[in-house]
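Structure first, commentary second.
Bear in mind that the values in this text are calculations on the coordinates, not laboratory data. All figures in this text were calculated on a predicted structure; none of them were measured in a lab. We place every Cβ from the backbone using ideal geometry, glycine too, and count neighbours over all the protein chains shown.
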Amino acid sequence: MTAQQSGKVIITCAVTGAIHTPSMTPYLPITPDEITQEALAAAEAGAAILHLHARNPETGQPDQSPEGFASFLPRIKQGTNAVINITTGGSPYMSVAERAAPAATYQPEVASLNMGSMNFGLYPMLKRFKDFKFGWEKAHLEGSRDLVFRNSFQDIEYVLETCYGNGTRFEFECYDISHLYNLAHFADRGLVKAPFFVQSVFGLLGGIGGHPEDVMHMKRTADRLFGDDYRWSVLGAGANQLRIAAQAAALGGNVRVGLEDSIWAGKGKLATSNAVQVRKVAQIIEGLGLSVATPDEAREMLALKGGDQVAF
């Protein structure tokens, strides 16, 4: 059943990610304690799914070791019924084996899976942010001028083979129209099974833009390729976040917010927490006459295995 049919909208919250750096905002969760607190507060505010990355607690660098996740996964699971989604995107600078290791180890209900290679330009952020606490931050942004985020067909097959047998389902992250066709290719081969949870990403340099027509083009294409076999969600990067969420919710879609995707809570105003963004998008959903899905409603909509079937 789609969100439009049920009137229920799934809110995913991406708590920290691997894009923003500690010097950009003091509110970015870095340590296991911060990630745990932010995740639990986001769930309390209405997030049915918590999309999680780990970071080095000293420097804030992305950390895709299973050990990095071990310090917060059990605590979040004990503190909320929300669905836990572990990234296999990690950071564009990591190998696919490194990126898939946490999801393979912990067998979550959901893991993210990027559906194609792309240029991944973060360097425009250097115009806004000049002073950095850690040496890696500027290099991380500057290096994206010559960065291809590799997600080859072989890489995608590797993640599927490594994680699908554990009952983990995927948040298929589609940054462009071609990524929808890549997903259709894997569906045609029988390597992925409906319902597909398609997370359309808008406004990241190297992928599709954030114009309302881009959103419609993505939805029209997914409708044509997948019909009733998919559940649509959107992620608007930066200032696109709430506008695109509102458009998608009105069209029967689900939404993703969080400090991974945007550090803002209005023009020029930093979000002081992930929960602030969750509450804002929940108000939009309710203002449209829809309701925010509970974790168990999200499990039913996405055909998930249940929180008692994970390995943490």
Estimate the FRET efficiency between residue 288 and residue 181 by the formula 1/(1 + (r/R0)^6), using the beta-carbon distance for r and 35 Å for R0, to the nearest 0.05.
0.70
Compute the signed sum of charges (Lys and Arg +1, Asp and Glu -1) over the other residues within less than 15 Å, Cβ to Cβ, of residue 299.
-1
Counting Lys and Arg as +1 and Asp and Glu as -1, what is the net charge of the other residues whose Cβ lies under 14 Å from the Cβ of residue 311?
0
For the range 258-301, what log10 I(q)/I(0) values come out of the Debye formula at q = 0.25, 0.34 1/Å, with one point per alpha carbon and no solvent?
-0.91, -1.07
Where does the charge balance sit around residue 253 when Lys and Arg score +1, Asp and Glu -1, over other residues with C-beta under 9 Å from its C-beta?
+2
Can you tell me, using C-alpha contacts under 8 Å and at least 6 residues apart, the relative contact order of the chain as a whole percent?
25
The range 1-155: equivalent-ellipsoid semi-axes (sqrt of 5 x gyration tensor eigenvalues, Cα, Å):
25, 19, 17
Taking alpha-carbon centroids only, the range 238-267 lies from the range 202-218 a number of Å equal to 13
Count the DSSP beta bridges whose two residues both fall in the chain, then state the antiparallel fraction as a percent rounded to the nearest 5.
15
Hey, fewest Cβ within 10 Å first, where do 145, 189, 243 land in order?
189, 145, 243
For a quick protection proxy, order the peptides 76-89, 146-159 by their average other-Cβ count within 10 Å, most packed first.
76-89, 146-159
Residue order, fewest to most beta carbons within 10 Å, for 138, 8, 269
269, 138, 8
Among 209-218, 255-264, 17-26, the order from most to least packed when residues are scored by Cβ within 10 Å on average:
255-264, 17-26, 209-218
Calculated over the range 21-100: convex hull of Cα atoms, volume per residue (Å³)
94
For the chain: lysine pairs with Cα atoms under 19 Å, gap of 8 or more or different chains, count?
11
